[in-house]
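The values are calculated or read from the model by the stated rules, or taken from the named source; none is laboratory data. Keep in mind that this is a model prediction, so the values were computed, not measured. Here the Cβ positions follow ideal geometry from the backbone for every residue, glycine too, while neighbour counts run over all protein chains shown. The area values use the complete protein model at the heavy-atom level, side chains included, leaving out ligands, DNA and RNA. Shrake-Rupley method; radii C 1.70, N 1.55, O 1.52, S 1.80 Å.
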Amino acid sequence: MTSPAPVVLTFLDPAFPDGRVADASQPQLLVTDLGVTRGDGIFETMLAVGGSVRKMQAHLDRLAGSAAALDLAIPDQDVWRRAIAAAVTRHRTENLPADAGADELVVKLVVTRGVEGAPAPTAWVQASPAGAAGRRQRETGIDVILLDRGYDSDVAERAPWLLLGAKTLSYAVNMAALRYAHKQGADDVIFLSSDGRVLEGPTSTVLLAHVDKSDDGTPVKRLITPQLDSGILPGTSQGALFAAAKAAGWELGYGPLELQDLLDADAVWLISSVRLLAPVNTIDGKQIGAPSVQKELTVELSGLFAGIH
């Protein structure tokens with residue numbers, strides 16, 4: 001039997017400026033915590049490489065946006081920063097050799113509403129090793145199926161209480177979609193709205209690219225993502241990569257996208273903070289683009305993304 005991956009837990013506690021370290025092998029939450037009984041809470045997942053957390057400010061800003069959507073009071077960003085630094089440092093000190101420079105850690109920020117009637121939420125930082133599956137998928141690509149999310153693309157504006165733009169703990173539907181995909185022999189999912197718009201993956205943002213020629217024969221590369229007001233989670237990785245791609249001369253676009261846009265693309269990716277940029281090989285069994293073009297574009301965009309901090 002293999003030993004469990006080492007995990008560091010740091011609870012945000014006013015009595016501990018850098019957070020209170022907890023034993024991850026022991027129970028830490030009350031069974032009456034509303035995060036457990038109702039999924040009432042929010043989270044963010046970041047990647048730390050060599051001890052440096054990528055896109056921390058973007059994740060903290062999105063955590064604050066999710067908290068506002070749920071009317072949830074959370075600790076200040078400086079408090080989170082100290083707890084994050086403490087968790088990452090402790091994990092590297094306890095579990096990594098001194099010369100480890102390219103290690104990857106998953107850093108998760110979690111806030112629940114706490115026990116009903118409690119004066120403050122429950123909040124913690126969790127640091128653990130990144131799994132091999134994400135690295136493998138970014139290297140070999142993934143096969144994806146399309147699933148109907150059951151909402152039209154305007155529902156987020158009509159029904160803000162659905163919290164479609166917030167990163168909440170209520171991920172049962174997303175995980176069910178991934179299990180369904182695995183049973184079909186696929187790796188992941190792209191959700192479509194009931195009116196046929198491309199949305200997002202269960203844990204990722206959709207990107208696609210087109211490569212054309214200008215009048216003088218110069219390549220024109222365009223990177224496109226679904227409309228951000230269509231009930232999807234604003235991707236911190238998508239936003240950061242768009243900024244880097246624009247600086248490198250790419251044109252940018254924001255939907256609306258339909259299925260045919262995916263099938264006609266020169267390349268499609270699912271992007272997320274931990275898995276990074278995973279090229280989509282097939283959608284519902286249909287090959288996407290030319291493998292050589294996809295590989296070239298993936299190498300270029302992955303290089304741009306690697307420079308983001």
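Brief remarks on what is shown
- Estimated at 0.36 nm per residue, the fully extended path between Ala176 and Glu116 surpasses their Cα-Cα distance by 18.8 nm.
- Estimated at the nearest 10 Å², the accessible area of Met56 is 40 Å² with a 1.4 Å probe.
- Based on Cα contacts under 8 Å between residues 6+ apart, region 1-160 shows a relative contact order of 31 percent.
- Ranked by the mean number of other Cβ atoms within 10 Å of their residues, highest first, the peptides 73-82, 221-230 fall in the order 221-230, 73-82.
- Å² of accessible area per residue within region 1-59, as computed with a 1.4 Å probe and no ligands counted: 55 Å²
- Cα-based convex hull volume of the chain per residue, rounded to whole Å³: 154 Å³
- By the Cα gyration tensor, region 229-297 has an equivalent ellipsoid whose semi-axes, rounded to whole angstrom, run 20, 16, 13 from largest to smallest.
- Added length on full extension, which subtracts the Cα-Cα distance from 0.36 nm per residue, His309 to Thr32: 95.9 nm
- Contact order normalised by residue count of the chain, Cα under 8 Å, 6+ apart, percent: 18 percent
- Equivalent ellipsoid dimensions for region 1-87 as semi-axes, Å, which come from the Cα gyration tensor, largest first: 21, 19, 14
- For the residue pairs Lys183/Lys213; Lys55/Lys183; Lys55/Lys221; Lys183/Lys286, the alpha carbons lie more than 30 Å apart in Lys183/Lys213; Lys55/Lys183.
- Taking the Cα centre of region 233-286 as origin and assigning +1 to Lys and Arg Cβ atoms and -1 to Asp and Glu Cβ atoms, the resulting dipole is close to 300 debye.
- Of the peptides 273-279, 116-122, the order by per-residue mean of other Cβ atoms within 10 Å, starting with the highest, comes out as 273-279, 116-122.
- Average accessible area per residue (Å²) across region 171-294 - probe 1.4 Å, nucleic acids and ligands excluded: 43 Å²
- Farthest towards the positive end of the charge dipole of region 172-309, among the residues Ile224, Val293, Ser237, is the Cα of Ser237, using unit charges on the Cβ of Lys, Arg, Asp and Glu.
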